[in-house]
Each structure stands twice: as structure tokens, then as C-alpha cells.
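Contents: one structure, followed by commentary.
Please treat every number below as a calculation from the coordinates, not as lab data. Quantities reported herein were computed from a predicted structural model and do not represent experimental measurements. Every residue, glycine as well, gets a Cβ built from its backbone with ideal geometry; the counts of neighbours run over all protein chains shown.
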């Protein structure tokens, strides 16, 4: 069975203005563009390919600020609702990538997030589904949005190792980001590798090769590392940012 992957970063109850969210989003798009040539341009999603390709959105701070203010005025949002963005890279067939963003939401029950879906097949998939590339994408999210936790993994690995997880729970993936707010990491077994992300947190990479739910050794490693991190208090649910 072919596995599908995603990269996501999550944080809870951090109210930010349209300007602050736009500043973070611009930084993210700039870092993301350096991860792969197909991630430079972004378009709003439409009902048809022709409609979508007519609606490219600019990723500079001024344009994003204008877009977020339009959401406030058009949607009649409350001051705590945050700002959202959905887009795809305008590449058809196997190289298509998409992303979703919610930033600035003050709710303690709905997570802010930056979610990226890489290509599902073809040469673009092979380029992107490598530990160094996914590390750069997850690092871009961590630097730009300062999430509490982030992960790059397959849906199938998640369902195999953590089938009972609920929204707000945290878990281990092929790559996992932990903010320093979560506390220090315990010693982890080989071949696990860790990398600092500026002064913000730590990236944990379980294996240099693609981690899959179909590989029993990979599943065993994920469970082992998960147990170690849980004992160290790293896998607690997301908590409001001001706690």
C-alpha cells in the first residue's frame, strides 16, 4: 500500500493581528521557496483548474496583510478568530502541493496550524520526500510561526502507532519538532538524529531513509522513541501559548 505524507506545525491560543500573521506567513513562504523549485508560486484553490490558475496570490507581507484584513471585513470575524489561507502551487498532476494556514486564533480548543501536503507521486515526490528536504520545510514552519509542536510523517504510520490520538494530542513522526517550551529531550537511540532550530526548539529525525508503516523496524523505532519521550513529558497535549 502506498503511503501518503504531510508536514504540519501546531500551536494553541495565540492571538495575533493581521499584520503579525502576515509577517510570519511572508517569512514562511520565503523559506519554503528555497526548499524546492515547485514551491515558489501559490494560487487560491478554485472549482476548476482554469479558475484556480487565474487567482495567484502574492506572498509579500503587504499583500497578505491586505488579504487578512479583507477576511475581517468580509467574514465579520470576531477579534479572536484568527486568519486563514489555503493554496496550491499551480503545478498539475504529480507535482501538485497544497497548504493550509490558520494563524492568530485565540481559541484554546482549535489549534492554529500550518499544514503542507507534498506531491503524491512522480519526480517531485521523490525530490521532496527525503529527510533533508522535509527537515527544511518543517524548519521553515518552526522559524516563521514558532509552533509548540510539528511533525512530518505518513498518515499510515500515525494510524498504525497512534490510532487513538485526538485533536490536540502530540506524537512522533518521521521528523518531529519540539519547541523548547516542552522541555529538554531525553537521550534517544540510534539511528535517531536531533538538530537545533535556532533558539526555538529541536528537530528529531528518526531515520535518514523514508520512514514507513510497512517496515516493522520503523514501527518499532517509532514506538520506542514515543515511549521515551512520553516518559520525559514531551508528548503532552498542546496547551495555550500563555501558559
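Between residue 58 and residue 127, the C-beta separation translates, for a Förster distance of 30 Å, into a calculated FRET efficiency of about 0.75. FRET efficiency for the pair residue 33 and residue 74, taken as 1/(1 + (r/R0)^6) with r the Cβ-Cβ distance and R0 = 35 Å, rounds to 0.80. Neighbour counts of other Cβ atoms within 10 Å put 221, 99 in the fewest-to-most order 221, 99. Helix 216-231 and the longest principal axis of the Cα set of the chain meet at an angle near 80°. Listed from fewest to most Cβ neighbours within 10 Å, the set 74, 44 follows the order 74, 44. Let's test the formula: R0 of 25 Å, r as the Cβ-Cβ distance of residue 100 and residue 219. What FRET efficiency results, to the nearest 0.05? FRET efficiency, residue 100 to residue 219: 0.35. If you model region 128-243 as an ellipsoid using its alpha carbon gyration tensor, with each semi-axis the square root of five times an eigenvalue, the axes come out at 20, 17, 14 Å, biggest first.
For the chain, the longest principal axis of the C-alpha atoms and the axis of helix 18-33 are separated by about 60°. Once both axes come from the Cα atoms, what is the angle between helix 131-145 and the longest principal axis of the chain, in degrees from 0 to 90, rounded to 10? Long axis of 131-145 versus the principal axis of the chain: about 50 degrees. Counting other Cβ atoms within 10 Å as a rough exposure proxy, the listed residues 57, 29 run 57, 29 from fewest neighbours to most. Highest mean first, the peptides 9-15, 129-135, 226-232 sorted by other C-beta atoms within 10 Å per residue fall in the order 9-15, 129-135, 226-232. Simple spin-label estimate for residue 166 and residue 239 gives 1.9 nm between the two label positions (7 Å along the Cα-to-Cβ direction from each Cα). For the chain, the Cα gyration tensor yields ellipsoid semi-axes of 29, 23, 15 Å (square root of five times each eigenvalue, largest first, whole Å).
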